[in-house]
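Nothing in this text is a laboratory measurement; each read-out follows from the coordinates by a stated rule. The shown structure was predicted, so the numbers you read here are calculated from the model rather than taken from an experiment. Virtual Cβ from ideal backbone geometry, glycine too; neighbours counted across all protein chains shown.
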Amino acid sequence: MSSLSSRGVLLNGHAETLLGDVVFDDQPSRPVVVTERTVAELGRPDGATLAQIFEAAQQQGLLLCPLDTGPYLRLALNEQVASGDSVMSSGRAPDGALTVASEALIMDDEYPKGFYLRVVDGQAWLRGYRCDDRHAWSPDDRFIFQLPPLPT
């Protein structure tokens, strides 16, 4: 997405891999209304795996976001709180990260699962992440989910 680079958004290699997938080609325009929840707010005060987080969100009526929500949200979200920690990769969700809850494109632990948004030293990032099915997310980790469409 040239819009990301023209706005000064930095990408990691995992984000570039995801953005190179055909799922980003010629997507129809559609509104997506999102909400933020911590893992604890989803009823998992001791943390949870990604599958457990997604199940808890579904039980609360929340939906996974389309994968392309991450890049569009990065462009739209101008006021994200800056991370207090500049470490970029540490085997856990980074400080200040907003992970976009979405279905993985490929069920392979070596392939990126999705995107997270972060601001480090005043610089907006769209980063891809990888994790396996056993990775435990912290109760304070923050996820973005899609709200169900309003009835028409």
Exercise. Non-local amide H neighbours of Lys113 (under 5 Å, H modeled in plane, Pro and chain starts lacking H): which ones?
Worked result: Tyr129, Arg130, Cys131
For this session: Show me 119-125, 13-19 ranked by packing, highest mean number of other Cβ atoms within 10 Å first.
Result: 13-19, 119-125
For this session: Among DSSP beta bridges lying fully in the chain, give the percent that are antiparallel, nearest 5.
Result: 75
Problem set entry | Share of pairwise Cα separations in the chain, more than 25 Å, in percent | 24
Seminar exercise, completed: Residue-normalised 222 nm signal for the chain, counting each DSSP H run of n ≥ 4 as -39,500 (n - 2.57), nearest 500 deg cm²/dmol, is -5000 deg cm²/dmol
For this session: Name the residues whose placed amide hydrogens come within less than 5 Å of the amide hydrogen of Ser102, ignoring near sequence neighbours (fewer than 5 apart) on the same chain.
Result: Cys65
For this session: Going by C-beta contacts inside 10 Å, put Thr99, Thr35 in order with the fewest on the left.
Result: Thr35, Thr99
